[in-house]
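What follows is a short report on a single structure.
None of the figures in this text is laboratory data; all of them are computed from the coordinates on show. Quick caveat: nothing in here was measured; it's all calculated off a predicted structure. For neighbour counting, all protein chains shown are included, and Cβ atoms are generated from backbone atoms with ideal geometry for every residue, glycine included.
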Amino acid sequence: MAKVIGLNGNAAVANAMRQINPHVVAAYPITPQTDCVERFAEFVADGRVDTEFVTVESEHSAMSACVGAAAAGGRVMTATSANGLALMWEIVYIAASMRLPIVMMVANRALSGNINIHCDHSDTMGARDAGWLQLFSENAQEAYDNTIMAIKIAEDMSVRLPVMVTQDGFIISHALECVELLEDEEVQKFIGPYKERYPMLDLKNPVTYGPLDLFDYYFEHKWSQIDAIDHCLPVIEKVSAEYGKLSGRNYELLESYKLDDAEVGIVALGSTCGTAKEAVDRMREAGKKVGLLKVRCFRPFPTEQVIKTLSPLKGVAVLDRSATFGGFGGPVFTEIRSALYDAPERPLVIDFLYGLGGRDIFMEDIEMAHSRIEGVVKKGRIDTHVDFLGLRE
Amino acid sequence: MSKQKRAKELVAGGMIVEAGNARDYETGDWRTEKPEVDFDKCIHCFFCWAYCPDSSVNVDPEAGKMKGFDLKHCKGCGICASICPKNAITMVSER
């Protein structure tokens with residue numbers, strides 16, 4: 001029987017980690033993730049998990065220890081934020097290249113500078129090309145659920161890739177919510193025992209991880225990584241469906257909210273989707289035909305599903321919580337707009353950068369984005385592709 | 001180089017799953033100079049065998065004889081020539 005308790009996002013994920021009971025966790029504290037790993041360290045100290053908890057001297061070492069432990073043949077987890085993820089960078093790519101199914105919670109926080117501890121997506125969006133799967137969470141419940149599903153997705157024999165589960169720093173990580181936990185045994189049964197793949201500790205079958213790989217094979221190895229992540233979507237859907245049966249909470253790659261008869265759509269990731277749903281409800285009451293597309297799975301990007309969902313619309317306003325300096329809009333905009341390019345009928349798409357460094361987003365901001373895209377649709381032309389919400393320009 | 005595999009034939013993760021396959025990687029074509037031994041001068045002391053970083057000096061341990069070089073793997077570093085106490089090894093240009 002599931003129980004509902006009050007937990008913040010960090011505690012929800014720490015509890016998921018406790019129930020998963022990984023062989024190894026190596027982590028270094030960074031706000032706003034610290035609270036999660038601290039709670040997990042308590043579970044270790046209290047003997048509630050069997051995990052080998054490795055306290056390291058930096059995030060670079062944390063991810064290095066995770067890579068070593070996963071290559072050795074263990075179920076491995078970690079967590080970080082912002083500059084911690086940036087310091088891991090080199091090894092984040094290596095974890096994916098070696099096809100190690102590490103699961104990492106990232107409490108999204110703005111990258112410096114200037115120094116800022118609050119939420120935006122610049123950390124994980126920067127890591128979007130590292131070869132990891134990325135699941136975004138709207139609230140603490142989703143962060144908990146995604147963490148458990150991530151283990152099963154990462155360890156699927158056709159996937160064997162690391163997964164990042166994100167939650168918006170402070171907004172989710174430190175906000176107390178009602179979270180429904182599965183029973184410990186249910187989680188264990190769902191994820192199943194860890195299946196090793198070429199473990200280094202198998203002394204009878206020695207293997208070499210990460211050898212020198214030059215012009216003769218590196219390209220083929222990168223292709224196999226591209227091919228692997230491109231084929232992950234059905235596994236994510238299958239695991240999510242199984243989890244839905246177990247928990248009663250159903251997850252898809254994308255969540256459509258009131259889009260069926262909509263003329264314009266808002267696209268968002270993370271906690272903003274909660275605000276956007278409220279805003280959509282309010283605009284619907286005022287007779288506006290608007291809906292929300294929540295992107296849960298950003299890597300791999302569910303291109304076909306995005307085309308199918310968004311191409312019937314007349315206009316789309318994308319909300320990006322990170323900047324790509326010098327690029328054409330934020331990372332979500334680039335993906336969405338590019339996906340729609342070949343669609344026989346496609347909406348006009350504009351981008352809004354918002355919420356950098358934890359700047360609040362209000363329902364009025366989303367209504368503003370809606371009225372802008374409504375205007376663009378009426379005019380049939382885009383004058384400004386990329387604009388800002390909540391900025392004093 | 002042995003026949004190159006296609007991407008779909010490779011082990012995911014770029015790892016090497018069989019031991020002792022370094023000899024399949026023929027590094028001899030990295031060489032610009034190759035060693036030549038003058039057996040009239042060679043005293044079969046095995047210094048070249050002991051110093052060679054690529055295990056590319058062939059010897060017959062039973063007979064106690066130096067037999068020449070494995071040119072499929074020798075990278076032409078010249079350590080054997082520099083260490084030879086009788087100057088029996090000479091590095092000669094490949095061209």
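Give, as a single signed number, the net charge of other residues whose beta carbon lies under 12 Å from the beta carbon of A:Arg372, with Lys and Arg counted +1 and Asp and Glu -1. It works out to a net charge of -4. Summary value for segment A:3-247: 24 percent relative contact order, contacts being C-alpha pairs under 8 angstrom separated by 6+ residues. Inter-chain neighbour count for A:217-228: the average number of beta-carbon atoms from partner chains within 10 Å of each residue's beta-carbon is 4. Along segment A:5-17 the Karplus relation, 6.51 cos²θ - 1.76 cosθ + 1.60 evaluated at θ = phi - 60°, assigns HN-Hα couplings of 9, x, 9, 8, x, 4, 5, 4, 5, 4, 5, 4, 5 Hz to successive residues, with x for each Gly and Pro.
Rounded to the nearest Hz, the phi-derived 3J(HN,Hα) couplings of segment A:275-287 under the Karplus curve 6.51 cos²θ - 1.76 cosθ + 1.60 (θ = phi - 60°) are 4, 5, 5, 4, 5, 4, 4, 5, 5, 4, 4, 8, x, where x marks glycine and proline.
Phi angles across segment A:237-254 convert, under the Karplus curve 6.51 cos²θ - 1.76 cosθ + 1.60 with θ = phi - 60°, into 3J(HN,Hα) values of 5, 5, 5, 5, 5, 4, 5, x, 5, 6, 9, x, 10, 9, 10, 10, 4, 10 Hz, Gly and Pro given as x. Here the sum of -39500 (n - 2.57) over DSSP H runs of 4 or more residues, divided by the residues of the protein assembly as shown, equals -10500 deg cm²/dmol at 222 nm, to the nearest 500. A straight line joining the Cα centroids of segment B:61-78 and segment A:336-367 runs 67 Å.
Within straight-line reach of B:Lys86, meaning a Cα separation under 23 Å, sit the following lysines at least 8 residues removed in sequence or on another chain: B:Lys34, B:Lys41, B:Lys65, B:Lys67, B:Lys75. Cross-link partners for B:Lys8 among the aspartates and glutamates, with Cα-Cα distance under 19 Å and sequence neighbours closer than 8 places in the same chain left out: A:Asp156, A:Asp213, A:Asp216, A:Glu220, A:Asp227, A:Asp230, B:Glu18. Normalised by the number of residues in chain B, the mean separation of alpha-carbon contacts (under 8 Å, six or more apart) gives a relative contact order of 36 percent. For A:Lys3, the lysines whose Cα comes closer than 20 Å to its Cα, not counting residues fewer than 8 places off in the same chain, are A:Lys189, A:Lys245. Mean per-residue shielding of peptide B:14-23 is 5, counting Cβ atoms of other chains within 10 Å of each Cβ. Do you know the Lys pair count in segment A:254-389 for C-alpha distances under 22 Å, with sequence separation 8 or more or different chains? Pairs that pass both the separation and distance tests number 24.
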